[in-house]
Amino acid sequence: MLMVHGDLHRQGMGRRLTTVVEERLRERRHRGVRLAVLENNPSATAFWSSPGWREIDRRADNQHGRPCVVMHRQLL
């Protein structure tokens, strides 16, 4: 799990972390990556949508059963 503390939001930290993770997955020849965002967190959904992640499903999270938006990004 990767999270950025709320005090560090809007400083580019999330984008930098995302870039590093995506680069490492590409190096390992992964073709895509998925993540889940809590449905009641529209700012997180907006954050992930802006660089091209797209919603592919909605389902409950495995641990607590909370409604989530499943998002995907191609790694070409």
Considering (1) in contact (Cβ under 8 Å) with a residue 24 or more places away in the chain; (2) open to solvent by 100 Å² or more (accessible area, probe 1.4 Å), say which one H9 fails and leave the rest. (1)
Being loosely packed, with under 11 Cβ neighbours inside 10 Å and not hydroxyl-bearing (S, T, Y) is the requirement here; does H30 meet it? no
Please work out which residue is nearest to the chain's Cα centre (by Cα), limiting yourself to the stretch 33-42 and to residues that are of a type in the set (A, V, I, L, M) and open to solvent by 50 Å² or more (accessible area, probe 1.4 Å). A36
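Taking the condition of being of a type in the set (D, E, K, R), assigned to a strand (DSSP E or B) and open to solvent by less than 50 Å² (accessible area, probe 1.4 Å), how many residues in the stretch 43-72 meet it?
Residues of the stretch 43-72 of a type in the set (D, E, K, R): 54-55, 57-59, 61, 66.
When the remaining residues are screened for being assigned to a strand (DSSP E or B), the result is 54-55, 57-59.
Keeping just the survivors that are open to solvent by less than 50 Å² (accessible area, probe 1.4 Å) gives none.
Matching residues across the stretch 43-72 total 0.
For the stretch 22-35, which residues satisfy the criterion of being free of Cβ contacts under 8 Å to residues at least 40 places away in the same chain and closer than 12 Å to R73 by Cα? Explain how you work it out, then say what you get.
The first filter runs over the stretch 22-35 and keeps only residues free of Cβ contacts under 8 Å to residues at least 40 places away in the same chain, leaving 23-24, 27-29, 34-35.
If the condition is that a residue be free of Cβ contacts under 8 Å to residues at least 40 places away in the same chain and closer than 12 Å to R73 by Cα, then R34, L35 are the ones that fit.
Might you let me know whether the stretch 5-18 holds any residue that is assigned to a loop (DSSP other than H, G, I, E, B) and either in contact with a His (Cβ under 6 Å, 6 or more places away or on another chain) or among the small types (G, A, S) (or both)?
Kept after step one, since they are assigned to a loop (DSSP other than H, G, I, E, B), are these residues of the stretch 5-18: 5, 9-12.
Filter once more, so that each one left must be either in contact with a His (Cβ under 6 Å, 6 or more places away or on another chain) or among the small types (G, A, S) (or both): 12.
Yes, some residue in the stretch 5-18 is assigned to a loop (DSSP other than H, G, I, E, B) and either in contact with a His (Cβ under 6 Å, 6 or more places away or on another chain) or among the small types (G, A, S) (or both).
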With respect to R29, is the statement that it is in a helix (DSSP H, G or I) and of a type in the set (K, R) true? no
Do you know which residues across the stretch 36-63 are farther than 14 Å from Q74 by Cα and of a type in the set (D, E, K, R)? E39, D57, R58, R59, D61
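The values are calculated or read from the model by the stated rules, or taken from the named source; none is laboratory data. Just so we're clear, the structure is a prediction, and the values are computed from it rather than from any experiment. With ideal geometry, Cβ positions are generated from the backbone for all residues, glycine too; neighbour counts draw on all protein chains shown. SASA here: full protein model, heavy atoms, side chains in, ligands and nucleic acids out. Shrake-Rupley method; radii C 1.70, N 1.55, O 1.52, S 1.80 Å.
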